[in-house]
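*Asks:* Would you mind keeping the following structure in view while I ask a few things?
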Amino acid sequence: MRDFHFPGRSPVLAQNGVCATSHPLAAEAAVAVLKDGGNAMDAAIAGAVLLGICEPQMTGIGGDCFILWSRPGEDVCAMNGSGRAPAAATADALRNSGATAVPLNTPDAVTIPCAIDAFCTLAETEGKLGLDRLLAPAIHYAQEGVPVGPRTAFDWKNDAKTLQGAARDHYLFGDDAPTTGQIFRAPGQAEVLRRIAKDGRDGFYSGEVAEDMLTALTELGGVHTAEDFAAAACTPATPVSGSYKGTELFEHPPNGQGATAILMLNILKHFDIASLDPFGAQRAHLEAEAAKLAYDARNRLIADPDHTTRLAHMLAPETAEKLAALIDPAKAMAAAAPLTEAVHKDTVYITVVDRDRMAVSLIYSIYHGFGSGIASPKFGILLQNRGAGFSLEQGHPNELAGGKRPMHTIIPAMLAEKGRVTMPFGVMGGAYQPNGHARVVSNMTDFGMDPQTAIDAPRAFSDAGTMKVERGYSENVRAELEAMGHSVEVPDTPIGGAQAIRILENGVLEGASDPRKDGCAIGY
């Protein structure tokens, strides 16, 4: 229980249904769908699409998604709603130009958006109400407008420089980012959503809408074709899982990076985390070192599902044991890659649980803030830059090639205990997500935190040679980490954002929402 003397959030308790996400309008829309007789999948889709209007710098219909869902007594299911590189894409073309990475704000980084295909498919196969009802809230707010929230305004200003060409007309007010409370409207997207509600995926992947996206890409030198858009298709998948102290963590398989979180927890099993100060330097150090090693494995191994060949090695207990042995409890490693050679030869999230305890964990993104910065001229569809997740290293399993899916940072998750799904959850924040999953699980299992407390707790993340340590940690902790050899900085932006719904043993739902975002949990 939190100390009520201090600011904070209590968990939201309800019996019939709960949605937790990063914007209150989306949470309210999802709960309204539940009240109208929809199930958790209906509600999650309705809320997710609306998030693209409420937080356009984070997500939108030009992006991708991954989804986990479960029903009581059934296995956890997964859907891969991530898109592929256009058929004509090659790594050679970029290597020959001198590039060492896929450029972020060019058509080379734009993979075919696949979230809409996934939403249309799941609305039909798992939902109850139909696309016209599910898209109605997003159509309404796209047409009438949404007041820009404080965190959204903060991110919008930071990422506005990414916007180029027609995107500046659709997403800037003059040449400026909106301020808190200004009304953002997207009438072009409202029209696209009406067409999807009427014609399904064909309203997006063919005809005028697809031509509008193609125009934006080909004018900038993209090799995308109408055939690439027409071929977009989500695919069912089998989740991967691992156990940490009796709690089973389910993750989406590659090309998502969920296996990274499982490997990180497998490494942390070799240390007595529960005996440490949860907000002390020693725990933060061990977590950072485990993350370095797990992320190094991710960078070597995770790719398109058809090209990920060593997933079993990544999840094997002996792999984690060997990696854990490389950690010095008193000293930061400079770089993980040389040590592990012998061992290895920005997003929105929404979760919904309904009265029947169907649980959905859905993550939906255009990758970097405002994605590629490229938008279709007529309808203003922002296109993701997920292709930046490809490698240009020749022979790498994640090497850019036509028709391949890149390694993705977005990952939904679920926890289960004794064979019963107990908590769909997700942690936004780009590369931080596996670290965030591991930290939430450890906060709850090692230190007995409830989901809201586990989400509120301060975070640290060792990323690209710098250890970002939120202001929630003390100056003494930062000094101790620096003495261990970490290069410490306090980030301008808090690390990630999380949402969760725990299904208690008596059936009550406990929703938790990260105060680092504008959102909330709502139940009824």
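What follows is calculated from the coordinates using simple rules that are stated; it is not laboratory data. Remember, predicted model here, so these are calculated numbers, not experimental data. Cβ sites come from the backbone with ideal geometry, for glycine too, and all protein chains shown count toward neighbours.
*Asks:* Excluding residues on the same chain fewer than 8 positions from Lys198, give the lysines whose Cα lies under 26 Å from its Cα.
*Replies:* Here the lysines satisfying the reach criterion relative to Lys198 are Lys35, Lys128, Lys378.
*Asks:* Relative contact order, percent, of segment 206-265 when contacts are C-alpha pairs under 8 Å separated by at least 6 residues?
*Replies:* Over segment 206-265, the number comes to 21 percent.
*Asks:* Out of all DSSP beta bridges with both ends in the chain, state the antiparallel percent to the nearest 5.
*Replies:* 95 percent
*Asks:* Related question: About the Cα centre, and with charges only on the beta carbon of Lys, Arg (+1) and Asp, Glu (-1), how big is the dipole of segment 349-471? Nearest 20 debye, please.
*Replies:* 280 debye
*Asks:* Rank Ile139, Ser462, Ala166 by how far each Cα sits towards the positive end of the charge dipole of segment 18-524 (+1 on Lys, Arg Cβ; -1 on Asp, Glu Cβ) and give me just the farthest.
*Replies:* Comparing the listed Cα positions along the dipole, Ser462 ranks first.
*Asks:* So how do Trp69, Trp156 line up by other beta-carbon neighbours within 10 Å, fewest first?
*Replies:* Ascending number of Cβ neighbours within 10 Å: Trp69, Trp156.
*Asks:* When averaged across all projection directions, what area in nm² does the alpha-carbon convex hull of segment 385-524 cover?
*Replies:* Averaged projected area of segment 385-524's Cα convex hull equals 12.2 nm².
*Asks:* Expressed as a whole percent, how much of the Cα-Cα distance distribution for the chain exceeds 47 Å?
*Replies:* When every Cα pair of the chain is considered, 5 percent fall beyond 47 Å.
*Asks:* Apply the a/c threshold of 1.5 to the C-alpha gyration tensor of segment 28-179 and tell me whether it is rounded, prolate or oblate.
*Replies:* oblate
*Asks:* Suppose each label sits 7 Å from its Cα in the direction of the beta carbon; what would the Asp36-Glu505 distance come out to in nanometres?
*Replies:* Once both label points are built, they end up 3.8 nm from each other.
*Asks:* What is the extension gain from Phe6 to Lys157, computed as 0.36 nm multiplied by their sequence separation minus the C-alpha to C-alpha distance, in nm to one decimal?
*Replies:* Taking Phe6 through Lys157 to full extension adds about 51.3 nm, to one decimal.
*Asks:* Whole angstrom only: what separates the Cα centroid of segment 195-227 from the Cα centroid of segment 117-137?
*Replies:* One Cα centre to the other: 20 Å.
*Asks:* Neighbouring Cβ atoms within 10 Å as the yardstick, rank Asp199, Asp155 fewest first.
*Replies:* Lowest count first: Asp199, Asp155.
*Asks:* Also: More than 16 angstrom separation, counting every C-alpha pair in segment 125-177; what % is that?
*Replies:* 58 percent
*Asks:* Return Arg310, Arg439, Arg201 ranked ascending by Cβ neighbour count within 10 Å, so the fewest neighbours appear first.
*Replies:* Taking fewest neighbouring Cβ atoms as first place, the list is Arg310, Arg201, Arg439.
*Asks:* In deg cm²/dmol and to the nearest 500, what is the mean residue ellipticity at 222 nm of the chain if only DSSP H runs of at least 4 residues count, each as -39500 (n - 2.57), divided by the residue total?
*Replies:* The helix contribution divided over the chain gives -11000 deg cm²/dmol.
*Asks:* To continue, here is another question. Can you give the Rg to Rh ratio of segment 74-130, both from alpha-carbon atoms, with Rh computed by the Kirkwood formula?
*Replies:* With Rh from the inverse mean 1/r over Cα pairs, Rg/Rh is 1.19.
*Asks:* Would you mind working out the magnitude of the charge dipole of the chain relative to its Cα centre, with +1 at each Lys and Arg C-beta and -1 at each Asp and Glu C-beta, to the nearest 20 Debye?
*Replies:* Computed charge dipole of the chain: roughly 400 debye.
*Asks:* Calculate, for Arg168 and Ala101, the FRET efficiency according to 1/(1 + (r/R0)^6) with r their C-beta to C-beta distance and R0 22 Å; round to the nearest 0.05.
*Replies:* It comes to 0.30.
*Asks:* Report, in debye and to the nearest 20, how large the dipole of segment 179-238 comes out about its Cα centre when Lys and Arg carry +1 and Asp and Glu carry -1 on their Cβ.
*Replies:* Approximately 360 debye in magnitude.
*Asks:* Round to a whole angstrom and tell me the spacing of the C-alpha centers of segment 249-263 and segment 45-88.
*Replies:* What the calculation gives is 16 Å, centre to centre.
*Asks:* Put +1 on the Cβ of each Lys and Arg and -1 on the Cβ of each Asp and Glu in the chain; which of Val440, Ile53, Asn299 then has its Cα farthest toward the positive end of the dipole?
*Replies:* My answer, from the dipole projection, is Val440.
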